[in-house]
1. Where does each of L236, L345 land when they are ranked from fewest to most other beta-carbon atoms within 10 angstrom?
2. Would you mind computing the Rg to Rh ratio of segment 129-176 from its alpha-carbon coordinates, Kirkwood style for Rh?
3. Mean 1/r over all different Cα pairs, inverted: what Kirkwood radius does the chain give, in Å?
4. Return the inverse of the average 1/r over all pairs of distinct C-alpha atoms in segment 20-137, which is the Kirkwood hydrodynamic radius, in Å to one decimal.
5. Considering segment 194-286, what Rg and Dmax in Å follow from its alpha-carbon atoms?
6. Loop-only check: which trypsin sites (Lys or Arg not before Pro) in segment 154-192 are DSSP coil with at most 14 other Cβ within 10 angstrom?
7. Test of the criteria: in segment 1-58, which trypsin sites (Lys or Arg not before Pro) are in a DSSP loop and have at most 16 other Cβ atoms within 10 angstrom of their Cβ?
8. What nm distance separates the two modelled labels at E98 and R253, each placed 7 Å from Cα along Cα→Cβ?
Amino acid sequence: MTGTDDWADWLDAEIDAIRAAGRWRTHRRLDACGPVGVLDGQPVVSFASNDYLGLSAHPAVCEAAVAAVARWGTGATASRLVVGNRPVHDDLEAALAEWKGCEAALVLPTGYQANLAVLTTVAAGDVSVLSDELNHASIIDGLRLARARLHIYPHNDVEAVARLMADARGRVVVVTDAVFSMDGDTCHLFELVELCARRGALLVVDEAHNVLGPDLPHQHAAVLRVGTLSKTLGSLGGFVAGPHQYINLILNRARSHIFTTGLSPADAAAGLAGLQVLRSPEGAELVARLRQLVDRVKPAHPSPILPVIVGDEAAAVAAAAALLERGILVPAIRPPTVAPGSSRLRVTLSAAHTDAQVADLLAALADLGLQP
Ligand SMILES: Cc1ncc(COP(=O)(O)O)c(C=O)c1O
């Protein structure tokens, strides 16, 4: 047998295993700007994006990106430590730090890289890391890269955090999503802040999906806030905000910052424009509109992520297909992204949805005997 045969056999076996488990996936083509578009030739309304305020199609955000391309070209052209920041990188970092009430912020090309940057910097060495069992994959990967001494605590169990902390060796980091991306529930942020402050632990909170809260009102000495430009702000990119010393160390240590080309000027400009809209009266109206839509679908639910638990994998896929037949795009989420037996539809709402679109979604779910 030749080496080529070895690889061909391996590929066949890997692909067959995924297909046999019913988990083979391909990209579909969505031609859209905002929630309305055409998916593989079929008109759809999407409830699949994380564009919670519809800012990815906001005229001011689009114009900022176009103007940035005209002034600085398309690419950042090298690592920012090598070639330098464009002025828009500095402006964006200052605006993000101010928004989060923190001393400083560092922007990275994605939120995924932001979590790698933070965790490979603070979770390595003589550190005990306490991590929620439902944290995002980028947190898990950051902890793996850091070779962290890891304790995974049951979802949102603050008492378990306290117990683990009492026994933990070395410095302690607690890391949690603020809003859990597949369940749409929120962490007990204020309890965790207090607990960490008492133990002298560092809290890393991933606010990627934070648009309706929970929000820390002011800077805490030992809290690092990770966020993205790619969801609420309608652009692409990630960031971490916190005290100067932490941000400076991350800038110097994090390989996902040092060894990657900087965020493109257009993405940075779009993120900055998105933030300006969010912090304007128009932004407050968009957030209020989103809150109203969420309440309509599930009163008092804390985020625009609304899981519809189906259970069985095949049933979740069938439900997504049935919605698609009615022109409604909602993804089926299955293991390994969620635990076996908890396959679901992941509905996400946006301020850009109309009342009629949300009414159609609710009617279609009801016809399937489902509700968020
Ligand atoms: C909780 C959480 N953190 C981080 C990320 C990564 O962000 P980005 O898409 O900007 O890489 C995501 C996105 O999927 C997420 O859901």
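1. L236, L345
2. On the way: Rg = 10.2 Å, Rh = 10.8 Å.
Expressed as Rg/Rh, it is 0.94.
3. Working: mean 1/r = 0.0457 Å⁻¹.
Every distinct Cα pair counted, the radius reaches 21.9 Å.
4. Numbers: mean 1/r = 0.0539 Å⁻¹.
Here the Kirkwood hydrodynamic radius works out to 18.6 Å.
5. 14.8, 42
6. Values: sites: R163, R169, R171; in loops: R169.
Listed in order of number, the matching sites are R169.
7. Details: sites: R19, R23, R25, R28, R29; in loops: R23, R25, R28, R29.
Passing sites in segment 1-58 are R23, R25, R28, R29.
8. If labels sit at E98 and R253, their model points lie 3.0 nm apart.
Readers should treat all values here as calculations from the given coordinates under stated rules, not as data from a laboratory. Because the structure is predicted, anything quoted here is derived from the model rather than measured. All Cβ positions, even for glycine, are placed from backbone atoms using ideal geometry, and neighbour counts span all protein chains on display.
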